[in-house]
Amino acid sequence: MRLPLYQVDAFTGDLFGGNPAAVCPLERWLPDATMQAIAAENNLSETAFFVRDGDGYALRWFTPTVEVDLCGHATLASGFVVMSFLDPQRDTVPFRTVKAGTLTVTRADGMLAMDFPARPATPAEAPPGLLKALGGAPRAILRARDHLVVFDRAADIAALKPDFAALAGVKDCWAVIVTAPGEDGVDFVSRFFAPAQGVLEDPVTGSSHCTLTPYWAKRLGKTTLDARQLSRRGGALRCTLNGDRVSIAGRAVLYFEGQISL
């Protein structure tokens, strides 16, 4: 059996920037173990699989080690594949997911915008070992699905050198978002670490901005924010808070299109 496979750099207009995601359109679902093996073989932070579902698609995401309940950059990449190759007449694609509901990707003004559920964080205690594994001296700690660790300066975020082995061993910690105010027209910056899920540092993380956007919208008193993720590859996002939803917009570019053999 041969299956189509695309690799797309999401949240960037430049090849080799942003966050690479693999996208595998299917006629029908494969066994979970097979999809997990494909994701492990791709060895990217996420591989997206989707099948036709009415006027849209049913969508699932896998890291190299686990299936996840929400992934932004691979959803953006999936929308890019549908609107660029599979159904280029479309400007809107609904993706139906098991835990995150329907996620709609819309093409406008040269960007792709995703409608995601907001995940506001509330103040929390740091689990034992978290701050030592991260390093630095944070200003605040909050939690939604992920722990949100707030620092004072963008330079603090860029300078972090986590102990990933120690971070992976922190109990009751799915992933960690670190963030601080931005500079030069950027409202806020962030990085994202999930070593316990097989991803040491994600280059650009759409799902983390479901938590970052409500935090910074409240703190800065504005609902539309420009964000930058300070990974080595880097990425740019425009985020808008709409009540209990977040619009996350960015660009995407194709790296390759091919087939895999099973």
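Taking the C-alpha atoms only, the angle from helix 72-81 to the longest principal axis of the chain is near 30 degrees.
Rounded if a/c is under 1.5, else prolate if a/b is larger than b/c, else oblate: which is the chain, with a ≥ b ≥ c the root eigenvalues of its Cα gyration tensor? Here the chain falls in the prolate category. Beta-bridge orientation, the range 122-243: approximately 75 percent antiparallel, per DSSP, counting only bridges with both partners inside. Looking at the range 9-72 only, what percent of DSSP beta bridges run antiparallel? Nearest 5 please. Bridges in the range 9-72 are about 70 percent antiparallel. Under the classification rounded if a/c is under 1.5, otherwise prolate if a/b is larger than b/c and oblate if not, where does the range 122-243 fall, given a ≥ b ≥ c as square roots of the Cα gyration tensor eigenvalues? Here the range 122-243 falls in the prolate category.
Per residue of the chain, the DSSP helices (runs of n ≥ 4 H) give a summed -39500 (n - 2.57) that works out to -5000 deg cm²/dmol at 222 nm. Peptides 64-77, 105-118, 7-20 ordered by packing proxy, namely the average of other Cβ atoms within 10 Å per residue, highest first: 64-77, 7-20, 105-118.
A short reminder: the numbers here are calculations on the coordinates, not readings from a lab. The shown structure was predicted, so the numbers you read here are calculated from the model rather than taken from an experiment. Don't worry about glycine lacking a Cβ; one is built from the backbone with ideal geometry, like all the others, and counts go over all protein chains shown.
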